[in-house]
Structure formats: C-alpha cells, structure tokens
Amino acid sequence: MHVAVALYKLGSCAECRVISNQFGIHKSTVKKFVYLFCKGMIQSPIKQLIKVPNEVETLELVRRFEAISRIPQIMGLIDGTHIPVLPTTDGYRDCVNRKGWPSYVLQGVVDDKG
C-alpha cells in the first residue's frame, strides 16, 4: 500500500486529505509514504533506471529507432508535464507557468523500449 499511496499522490494533483480518505489512512501517513518512497528511489534503484548511454549503446539506440521509424539520428523521445505545486508566497512568481498557475515541469526521455 505504501507504493500505491505514493504513486497516487505523485501522479495526481489530489490533496493529501483526499488521498487519505481514499486509502483510509491519516493525511500525515500519506506525506510519510511519499517521503519514504522518494527517499528510497534516490538511494537505490534510480541509478539503474536513469543513465546516459555510452557511445556503443547510443549507436544501437539510433539503429533501433531508425528501424522502427525510418528516421535517422534519433536516440530518444522526450515529453513533459506540469505538476501543480503550492509555492511559498515569496517564491510564487518563480513557479508560475505560461498558463498562469504554479507548477514544476517534469520532463522525461525514453528509449525505443519505453
């Protein structure tokens, strides 16, 4: 349940209160689960999940993408999303996106295997 709560919170803009009602736990427990999940990701599997390919891996990625798309010189696909945030009053202007609401931008790059 720890991972489910953390992914629900990180993947939605729902408040901790709403998530706590959804899972039948206290809202402070939601915050704790999210903190522990993020801390755990940073300390161990992140190094295997996020890496820059070496020269040989890059050439192989380019070859596989060209075989799929018939477009040369592609080694990854990029996308992004805005994550709503509640900024501090003194940092509000730093977090406002082009649509006028505060958010952080999350960008990701994937290989041909997703």
Query - Expected 222 nm ellipticity per residue - DSSP helices of 4 or more, -39500 (n - 2.57), all of the chain, to 500 - result: -15000 deg cm²/dmol
Report task. Cross-chain or 8 or more residues apart, Cα under 20 Å: how many lysine pairs in the chain fit that? Count them up, please. Result -> 10
Report task. Quick one: among LYS99, LYS47, LYS27, which has the greatest mean-square fluctuation in a GNM of the chain with alpha-carbon springs under 10 angstrom? Result -> LYS99
Query raised in the report: Roughly how many Å² is the accessible area per residue of the chain, as a whole number, for a 1.4 Å probe?
Result: 80
Query raised in the report: Of all the accessible heavy-atom surface of the stretch 6-54, with the other protein chains kept in place and a 1.4 Å probe, what percent is carbon and sulfur?
Result: 61
Query raised in the report: Just going by the charge dipole of the chain, with Lys and Arg at +1 and Asp and Glu at -1 on Cβ, which of TYR104, GLY24, THR88 is farthest out on the positive end?
Result: GLY24
Query raised in the report: Got a sec? Which residues in the stretch 82-112 would a label at SER12 touch, if it sits 7 Å along Cα→Cβ and we count backbone N under 13 Å?
Result: none
Query - Radius of gyration, Dmax [the chain; alpha carbons; angstrom] - result: 18.6, 52
Report task. Under a 10 Å cutoff between Cα atoms, tell me which one of SER12, SER44, SER20 has the largest fluctuation in the Gaussian network model of the chain. Result -> SER44
Query raised in the report: Taking springs between alpha-carbon atoms closer than 10 angstrom, which of VAL52, VAL34, VAL62 fluctuates most in the Gaussian network model of the chain?
Result: VAL52
Report task. Would you please name the trypsin sites (Lys or Arg not before Pro) within the stretch 51-97 that are DSSP coil residues with at most 12 other C-beta atoms within 10 Å of their C-beta? Result -> LYS51, ARG70
Query raised in the report: Taking θ as phi - 60°, what are the ³J(HN,Hα) couplings along the stretch 80-92 by the Karplus curve (6.51, -1.76, 1.60), each to the nearest whole Hz, with x for Gly and Pro?
Result: x, 8, 9, 9, x, 9, 10, x, 5, 5, 7, x, 4
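The values are calculated or read from the model by the stated rules, or taken from the named source; none is laboratory data. This structure is a prediction, so every number in the text was calculated from the model and none was measured. Counting neighbours? That spans all protein chains shown, and the Cβs are built from the backbone with ideal geometry, glycine included. Remember, those area values only see protein heavy atoms, side chains included, never the ligands or the DNA or RNA. Shrake-Rupley method; radii C 1.70, N 1.55, O 1.52, S 1.80 Å.
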